[in-house]
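Down below is the structure, laid out as structure tokens.
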Amino acid sequence: MGSCWEGIDESRLLIAPVPGAYGDGSARFLSLRHPKSGVRTSYLLCNGLLQELHWFKQPYGSWFLGDYVSEDGSLYTATPIDPVFIMLPLFEDARMKKGDDPGKFRQLDEILFVNDYPGYQQLFSIAKDCMEIVCESKAYINYPHLLCKYAEIGSTKFFRLDDKKVFAWLHYKVCQLKQTLPALDQNYAAREEKDTLADSVSILGEYLKDDPWLKLLCDHFKLNLPEAKRIAADIEVCPSAIESPVGSSNFSQGKSTSEKKTGRNVKQAKKVKVETESRNIKEMFTRASRRRN
């Protein structure tokens, strides 16, 4: 692929769905807040689906792209992410909850209006379809001197995050991960059920703020919050977004599947041997042409 962000002239290699293969056929990069850290992070909206970006780079490497050599051997991958994780902090702030008060109902366009982050407004249709799983919603239509409840198409819909719905959704996610992890790797299959449960919570914790959601899960499953966070750091699954060396794009830096640790008992990977006498590939081709002349 060519330049993957404005202001970057160099080419980058990205593995992602082909625009137009399904959905609305469009693709664009969006700058959004990471749901846990709040750091500006790049996401890919492709064919109507939101994708998170991961960055992987070997110590040495380049890509041959047709007759062009990309000196940057980095590999970027786009993988689907549940947009509810991305929306959750916005909806939490929008309801302005105080104490036992459940908070206010807000219009979707108000919730998605975030200063310096116009990318959220591109997610309007996605949010409208997916956020009712964790929200209460009401529809209204305006009449002169009257605001009455109305549920038909064309009315204005208001949303308010519902704690019980959020917890039910998170609980379902934990149970699904707990069933899936043992099938992914034999190291998980050999682990105790409590450890697999802790790993499942810690993976979700990479997309959740500690308070209230991660703490709520830990309390429910009787897990220690610091321990769950430590496990997440150990297994390096679904890493938090950090700044990458690609300009100001701040891609999420991930690990390749072969490098992801699958448990606390997995042996540490061997260190890559440093090449002490490596030469620039352009210099090698130049010398070869000189010999032929």
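Table: residues versus (1) modelled with pLDDT of 95 or more; (2) surrounded by fewer than 19 Cβ atoms within 10 Å (Cβ to Cβ).
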{"position": "TRP5", "(1), (2)": "no, yes"}
{"position": "SER11", "(1), (2)": "no, yes"}
{"position": "GLY20", "(1), (2)": "no, yes"}
{"position": "GLY23", "(1), (2)": "no, yes"}
{"position": "ARG33", "(1), (2)": "yes, no"}
{"position": "TRP55", "(1), (2)": "no, no"}
{"position": "GLN58", "(1), (2)": "no, yes"}
{"position": "TRP63", "(1), (2)": "no, yes"}
{"position": "ASP67", "(1), (2)": "no, yes"}
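Out of GLU110, GLU71, report the one residue that is within 29 Å of LYS164 (Cα to Cα) and either open to solvent by 20 Å² or more (accessible area, probe 1.4 Å) or out of contact with any helix residue (DSSP H, G or I) (no Cβ under 6 Å at 6 or more places or on another chain) (or both).
None of the other options fit; the residue is GLU110.
So, GLY20, is that one among the small types (Gly, Ala, Ser) and not in a loop (DSSP other than H, G, I, E, B) or not?
Working: among the small types (Gly, Ala, Ser): yes; not in a loop (DSSP other than H, G, I, E, B): no.
No.
Kindly indicate whether any position in segment 96-104 is at pLDDT below 95, open to solvent by less than 40 Å² (accessible area, probe 1.4 Å) and within 22 Å of ASP163 (Cβ to Cβ). I'd like the intermediate steps shown before the answer.
So the first thing to find is which residues in segment 96-104 are at pLDDT below 95, and the list is 96-104.
Filter again for open to solvent by less than 40 Å² (accessible area, probe 1.4 Å), leaving 103.
Imposing the further condition that a residue be within 22 Å of ASP163 (Cβ to Cβ) reduces the set to 103.
Among the residues of segment 96-104, at least one is at pLDDT below 95, open to solvent by less than 40 Å² (accessible area, probe 1.4 Å) and within 22 Å of ASP163 (Cβ to Cβ), which makes the answer yes.
The values are calculated or read from the model by the stated rules, or taken from the named source; none is laboratory data. Keep in mind it's a predicted model, so treat the numbers as computed, not measured. We place every Cβ from the backbone using ideal geometry, glycine too, and count neighbours over all the protein chains shown. Calculation scope for accessible area: heavy atoms of the full protein, side chains included, ligands and nucleic acids excluded. Shrake-Rupley method; radii C 1.70, N 1.55, O 1.52, S 1.80 Å.
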